[in-house]
Every structure is written in C-alpha cells, then in structure tokens.
Amino acid sequence: MPIPADARADLHTHSTYSDGTCTVDELLAEARAARLDVIALTDHDTTAGWDDARAAASAHGVTVIPGIEVTAEHGRASIHILALLPDPGPETPLAHELQRARASRRDRARAMVEAIACDHPITWDQVQEQVAGEETTLGRPHIADALVAAGVVPDRGAAFASILAPGSPYYVRHYAPAPEVAVAAIRQAGGIPIAAHPASSGRGENVPEEILEAMIGAGLLAIEVDHREHGEAERTRLRQIARSHGLWTTGGSDYHGAGKPNRLGENLTSPEMLEAMLPASGGASWGSEPMRP
Ligand code: AMP
Ligand code: ZN
Ligand code: FE
Ligand code: FE
C-alpha cells in the first residue's frame, strides 16, 4: 500500500464499541477534522466496530486500519497489545481469547457493580445506560460513567483514582491471556502485534523489560513509542530496545473521545514506518485490508 510521504497516521483509537465516547462514524468525522489520513480502530478486545468503519471510511475520506487493543495480563499488571490487520475469524486462538476476555469482563463488571452498590448509589441498569450496545466490550470506564452520572465522582479520572483503582476493595480482575500467548495468537491470525504504551506508569501498566523480551520472543513486531504517557527518557529507552531487536516503532493518540484528555493526532506514526510495517500482515479476509476511501 503506497502511503503518501506526508500522510498523517494515528494508529490507536477507541470508539463506543469499547470505552471511547464517539461512535465509529463520529470518530471518522473527527479524524478528518484533525487532518488525519489514516487511523487504526483499536477497540479493546473486539472487532465489532470494523463493519461500521468499512461503511464510513469512504464517506469521511479516511483510511481505516482494522485493529484491536488486546488485553493481556502478567501477575497483576494489565498489558495492552495493539493488533493491526488481524483476521481472527470465528475459530482462531485469537478469536477464542477475545471471546473469553469479553465474557469475563462482563462477569467482572457485574461483580464490581454489586460490590460498589453496597456503599454507593449505583445499579447495574445505570451502568448499562452508559454502554452503547450489546457488542460493546465492557470496562471500568462504563462503571466510571455511571458513577459520574449518579454524582458520586466528577469524572472518569476521579473514579479511576478511587473506587475503580486496582487497590480498591471493589476491584475485581477479569480473564486475560499471558502477553506472549496474546502475541502468538495475534501473529497466528495474521496480525501485527505492537506493545501498546509499554512505559505508561501510574496505572500498573509499565511492562517489565523481561516481559517485553518474552513478547519479542513470541513474535512482537513493533513498540508504540510515541504515546502521551511516555516521557522523553522513556521514548529514548524504548527506541533503543526497538532498534536492538529490529522492531518498528509507532505512535498513536489512544483517543477515547470525552473519556480522556488524549486528542486525536497528538501522536503519529511516520508514513515510512507504516509502509514498511503493513506488508507483515498475513490476514486473509476483507478485514485484513486497510479500508480506503
Ligand atoms: P479496564 O479495561 O476495565 O481494566 O479499564 C481500563 C481502561 O480504562 C483503559 O483502556 C483506559 O483507557 C481507561 N482508563 C484507565 N485509567 C483511566 C483514567 N484515569 N481516566 C480515564 N480512563 C482511564
Ligand atoms: Zn480504553
Ligand atoms: Fe491501553
Ligand atoms: Fe487504548
């Protein structure tokens, strides 16, 4: 795929199919307004938004790379892996992992809400009101939004800093595969696995170097270096790791609409990098092709 030399590509975005606050259609309109040429739609643990993206890409003049942000877990740390252009189909290990994670997320959300409801005025129905549809991957942000609507906390950030924090008595874990299992499953499905914000500190998501090494051993192809939660020193360190292992480096906004301060296009992936990287995808369905305007 020839990428124009001046293309602006944001490879990390969320919609209402997970915990973003924009529909796919709104996301693409905003991407156009932010002068983006390419975005990757990377909702948590789901491909449910891909159909909408395919339908809307041409109307908005934005190329969409179908992706997923796969949740993995090491110990108690949540480790995120972007998968670009995978073709999970119905029967691959990746499809099974995603299905299992989504089901577990639903049980976990119910358990958390039940516990929170003992102390705060919030019900499961109120949480459901914050969820766009049946196919949406449930996450703590939806509980946060219900807490905001109920006037318990002022915003998502405040909810995450208190009631929803991993150290809180209301916190419940959900199933997630080990990082190297997730990376291998993504590769097997023809996807390009990218370590997502591996140096984001402050929310238990700083990936220890030996885990990054294990992911590289399992077939990791790139590291998301340019991300709002990485400082300059961390970016330099990650670039060195990438160089020494022959990995590509990417950037993305991790846009969640109104759910986070991150703005579309605030971090980008270079067109050269994108052009080099995309042929590494071995997916076979329409979903494996970028959706071009
Ligand atoms: P979960 O997947 O349910 O464990 O929730 C994690 C998600 O919540 C991540 O995808 C983040 O984007 C989001 N998140 C984490 N911390 C915050 C925060 N302080 N404010 C808003 N969203 C957050
Ligand atoms: Zn999120
Ligand atoms: Fe993430
Ligand atoms: Fe994300």
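Structure notes:
- Any hit, region 65-88, residues being over 27 Å from Asp10 (Cα atoms) and part of a loop (DSSP other than H, G, I, E, B): yes
- Region 113-207 holds helices (runs of 4 or more DSSP H) entirely within its bounds, and those carrying 3 or more residues that are more than 30 Å from Pro86 (Cα to Cα) and within 16 Å of ligand 3 (Cβ to nearest atom) map to 156-161.
- Residue count for region 236-266 satisfying the condition of being charged (D, E, K, R) and either within 19 Å of the chain's Cα centre (by Cα) or in a loop (DSSP other than H, G, I, E, B) (or both): 4.
- Index of the failed condition, Gly157 passing every other in (1) in contact with a helix residue (DSSP H, G or I) (Cβ under 9 Å, 6 or more places away or on another chain); (2) of a type in the set (Gly, Ala, Ser); (3) buried (at least 22 other Cβ atoms within 10 Å of the Cβ): (3)
- Any hit, region 165-181, residues being surrounded by fewer than 16 Cβ atoms within 10 Å (Cβ to Cβ), over 29 Å from Gly282 (Cα atoms) and within 16 Å of ligand 2 (Cβ to nearest atom): yes
- Sole residue being at pLDDT 95 or above, in contact with a Gly (Cβ under 9 Å, 6 or more places away or on another chain) and more than 16 Å from ligand 1 (Cβ to nearest atom), chosen from Leu41, Leu94, Leu82: Leu94
- Against the criterion of being surrounded by 23 or more Cβ atoms within 10 Å (Cβ to Cβ) and either under 13 Å from the mean Cα position of the chain (by Cα) or closer than 25 Å to Ser200 by Cβ (or both), Leu82 qualifies.
- Filtered by the rule that a residue be away from ligand 3 (no atom under 16 Å from the Cβ) and either among the hydroxyl-bearing types (Ser, Thr, Tyr) or farther than 27 Å from Glu224 by Cβ (or both), region 74-102 gives Pro90, Glu91, Thr92.
The values are calculated or read from the model by the stated rules, or taken from the named source; none is laboratory data. None of the values given here were measured: they were computed from a predicted structure. All Cβ positions, glycine included, derive from the backbone under ideal geometry; neighbour counts span all protein chains shown.
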